[in-house]
Amino acid sequence: MATLMEELLSLQARDRSIREIRSALRAIPAREEALKAAIAVQSASLAAAEERGKAAGKARAEAEGKVDGLRARAAKLKAAQASTKSNDDYRALAKEIANLESLALQAEDAVLSAMEEEERAAAANAECAAALEKEKAYATEELARITRSLEPKRTILEAELAERAAAARAIPADALARYERISKKYPADAIALVESKTGSCGGCHMKLTPSDLVEARKLDTLSACGYCGRLLHAAR
Ligand SMILES: [Zn+2]
C-alpha cells in the first residue's frame, strides 16, 4: 500500500511528464505560424509583382493613346497641308507636323519601355507565383511531417491523462487540493525533497526548523516548507 506522500510523488512525476508532452506538442502550432508567415511573405511578393505589371500595362496604354492622338493630329495637319495654297501656311504646317511626329516617336519609345517593363513584371510574377506554390507545398509537407512525428505523443498524452485522473482519485481530496494549489505556483516541484545533509528545503534551499524536519519525515501527513510553501518530503 503506497503512502500518501508516495502517491503524491508519483502524481507529480506524471504531471511532469504531461507537461513535457504538452510542451512538445506546442511545437505544432508554433511551426504552423512560422510556415504561415513564410507564405505571407511570398504572397506579398506576388502581389507586388502583380501591381508592377498593372502599372506597366497602364503606362503602356497611356503611351499608346498618346501616340494615336499625336498621329491623328499629324494626319489632319497633313490633309490641311495638301489642300493649302499658301506657301507660308504650308511651311508652318510642315513645322507643326514635324513637331508632332517627333513627339509621337518619343511616345512610341515610352510604349516600348512600358512593354519591356511589362515583360519584366510578368517574369517576376511567374517567379513569385512559383515560389509561392513551392512555399505552400513545403508548408503542407512540413506540417504533415511534424504532426506525424508528434502523433504518438498525443496518444501517450491521452493515456497519461487517463492514468493521472485515476491516480488522483485514489488520493484524499484535501491532500490533492493542497498539492494542486501549490503546483500552480511551483509546477515543476510542488513537492520538494528535504536536503538531508543540510536539512534545508530542496525547493527554496532555506534551512528548515527541527520541527519542520520531524513533520517532513511523517509519510501520512503533509507538511510544508515554512518559507516557500512547497510540500516537503524526506528520503527514508
Ligand atoms: Zn522551501
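Comparison of A234, A188, A192, A170 shows that the only residue that is closer than 16 Å to A13 by Cα and either at pLDDT 95 or above or surrounded by 16 or more Cβ atoms within 10 Å (Cβ to Cβ) (or both) is A192. Selection of first residues in the range 121-141 that are assigned by TED's automatic domain parsing to the domain that holds K58 and of second residues that are among the hydroxyl-bearing types (S, T, Y), restricted to Cβ pairs under 9 Å at least 6 apart or on distinct chains, gives the following pairs, ordered by first then second residue: A124/S45; E127/S45; C128/S43; C128/S45; A131/S45; L132/S43; L132/S45; E135/S43.
The rows are residues; the columns are (1) more than 34 Å from the chain's Cα centre (by Cα); (2) in the same structural domain as A49 (by TED's automatic domain parsing); (3) within 16 Å of the ligand (Cβ to nearest atom); (4) under 23 Å from A27 (Cβ atoms).
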position: D109; (1), (2), (3), (4): yes, yes, no, no
position: L143; (1), (2), (3), (4): no, yes, no, yes
position: T147; (1), (2), (3), (4): no, yes, no, yes
position: S183; (1), (2), (3), (4): no, no, yes, no
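Can you pull out every residue in the range 79-129 that is touching a helix residue (DSSP H, G or I) at 6+ places or on another chain (Cβ under 7 Å), part of a helix (DSSP H, G or I), more than 14 Å from R52 (Cα to Cα) and of a type outside the set (A, V, I, L, M, F, W, C)? Q81, Y90, E96, E101, E108, listed by residue number. When the residues of the range 46-73 are filtered to those that are in contact (Cβ under 8 Å) with a residue 60 or more places away in the chain and buried (at least 17 other Cβ atoms within 10 Å of the Cβ), the one that is nearest to the chain's Cα centre (by Cα) is L46.
Checking each residue in the range 194-236 for being near the ligand (Cβ under 9 Å from one of its atoms) and at positive phi picks out H205, G229.
Against the definition (modelled with pLDDT of 95 or more and under 30 Å from R14 (Cβ atoms)), how does I97 come out, yes or no? When the stated conditions are applied, I97 does not pass them.
The values are calculated or read from the model by the stated rules, or taken from the named source; none is laboratory data. All figures in this text were calculated on a predicted structure; none of them were measured in a lab. Backbone-built Cβ (ideal geometry, glycine too); neighbour counts: all protein chains shown.
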